[in-house]
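The values are calculated or read from the model by the stated rules, or taken from the named source; none is laboratory data. Small disclaimer: the values here were computed from a predicted structure and weren't measured. Glycine gets a Cβ as well: all are built from the backbone with ideal geometry, and neighbour counts include every protein chain shown.
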């Protein structure tokens, strides 16, 4: 099943907020419904957000006859989440076809969808080859957040590398960092690994660097929401700590992301707007309060890993090593 697709005139997604308890698909027939799904993380992950942005423009082209209203809808889509570069890029790509009419916009969005599917397969191949060359046979990997098919259309980025190594019989096991505060690793990555038959263990985020230091990890493999011109990597909060742990232990820290994640217009990670999310995500868990009433919280959704901590970046076209 595809994480996101165009089905019978609307966007269809797997609702990632219901996993692993329920596998639920949702039909999103309006721009407002899609924006709400993006902001609630019902659809998430850099490649999937790029496709969502493009398909959202296809919705706008059908929903709004007035050019001003359509343009406003396109702006809402692009701004739904500010940190991941793919969302705005997908919106821009499809919006270029608006003067040609709704069918041209949809054709461009579907072309992007198909490109992301092909990119996942290439990243899996290149990334698995790289990990094998760096770590030898049967490495033990640590990954953070969710970078599988749920974060893309099918396949994924970093998790596609993991599952490709498993398919080759060249994987000893995976530690999935739980990824506070919304537990994308514990909920989504663990679910995908289980579906693929990959041996895994879940660890709290803070345990990652210590497990690395204790010699239980041969390489860290993560995705990215944006890679800046200087190589700084913007990814889910908690990534930076794993990169520091990998650097201290002298093991590879590999980033797997599509070419569309490379942002040549943003010089460094310091120039990226980091999304701050609601305090309730930190002060409660699954709707149950875990902190005193009214407790303040700081909740950045992403962090920046400096480029000098990155061993290599793998895209669908190349492997870039420091």
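Kindly indicate whether residue 80 is outside any loop (DSSP other than H, G, I, E, B), within 30 Å of residue 190 (Cα to Cα) and touching a residue at least 40 places away in the same chain (Cβ under 8 Å).
Criteria not met by residue 80.
Condition first: closer than 26 Å to residue 184 by Cα, surrounded by fewer than 24 Cβ atoms within 10 Å (Cβ to Cβ), outside the structural domain of residue 229 (by TED's automatic domain parsing) and touching a strand residue (DSSP E or B) at 6+ places or on another chain (Cβ under 8 Å). Can you find one or more residues in the range 89-100 that meet it? Step through it out loud before you land on a result.
Taking the range 89-100 and keeping what is closer than 26 Å to residue 184 by Cα, we get 89-91.
Still in the running and surrounded by fewer than 24 Cβ atoms within 10 Å (Cβ to Cβ): 89.
Adding the requirement that they be outside the structural domain of residue 229 (by TED's automatic domain parsing) leaves 89.
Pick out the ones that are also touching a strand residue (DSSP E or B) at 6+ places or on another chain (Cβ under 8 Å) and you get none.
No, there is no match, as no residue in the range 89-100 is closer than 26 Å to residue 184 by Cα, surrounded by fewer than 24 Cβ atoms within 10 Å (Cβ to Cβ), outside the structural domain of residue 229 (by TED's automatic domain parsing) and touching a strand residue (DSSP E or B) at 6+ places or on another chain (Cβ under 8 Å).
Residues that are in the same structural domain as residue 260 (by TED's automatic domain parsing) and out of contact with any helix residue (DSSP H, G or I) (no Cβ under 9 Å at 6 or more places or on another chain), at least 2 per element: which helices (runs of 4 or more DSSP H) completely within the range 155-228 meet that?
On the way: elements: 158-167, 190-196, 207-213.
Qualifying helices (runs of 4 or more DSSP H): 190-196.
Residues that are part of a loop (DSSP other than H, G, I, E, B), buried (at least 19 other Cβ atoms within 10 Å of the Cβ) and touching a strand residue (DSSP E or B) at 6+ places or on another chain (Cβ under 6 Å): does the range 297-305 have at least one?
no
Residues 70, 44: which one is crowded, with 22+ Cβ neighbours inside 10 Å and modelled with pLDDT of 95 or more?
44
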